[in-house]
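Structure record follows, encoded as structure tokens.
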Ligand SMILES: [Zn+2]
Ligand SMILES: [Zn+2]
């Protein structure tokens, strides 16, 4: 995917962020943890270089969903914002739909279908994986 400079933020606007540089992965995660974090059937994520991610306004709260995973969200409105895994500190995932232009980052596949809710049917024709291509999402 092309190099970009893109901005995003939470629903209430208390948190604004910016990412520069290439989006190296864009996917939809169906794992149990993302489902709970988003209170949604699945959550779309876009991966960027962690060094190119900056918070421009506000201060997200952090939740450790496992020993190696830090997730952030807005403490005012609850919007899920980022995912970072300690095994891959050079990357950060942002929730694709917290970006101002999610259409610029179409997903290429679905992960963790093994955790899926039975009634979730996307029908977008994208490849699906029972787990992640990149390891444990928790
Ligand atoms: Zn907010
Ligand atoms: Zn997930």
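Debye-formula intensities of the chain, expressed as log10 I(q)/I(0) at q = 0.15 Å⁻¹, are -0.69 (one equal scatterer per alpha-carbon, no solvent).
What is the extension gain from residue 121 to residue 39, computed as 0.36 nm multiplied by their sequence separation minus the C-alpha to C-alpha distance, in nm to one decimal? Walk me through the intermediate numbers first.
Values: separation 82, 0.36 × 82 = 29.52 nm, distance 1.68 nm.
Result: 27.8 nm gained on full extension.
From its DSSP helices (H runs of at least four residues, each -39,500 (n - 2.57)), the chain gives a residue-normalised ellipticity at 222 nm of -1500 deg cm²/dmol.
Pull out the extension gain between residue 56 and residue 70, defined as 0.36 nm times the separation in residues minus the alpha carbon to alpha carbon distance; nm, one decimal.
Working: separation 14, 0.36 × 14 = 5.04 nm, distance 1.92 nm.
3.1 nm is the gain from fully extending residue 56 to residue 70.
The distance from the alpha carbon centre of region 92-120 to that of region 19-71 is 10 Å, rounded to a whole number.
Every read-out reported here was derived from the displayed coordinates using simple, explicitly stated rules and does not represent laboratory data. The structure displayed is predicted, hence computed values, not measured ones.
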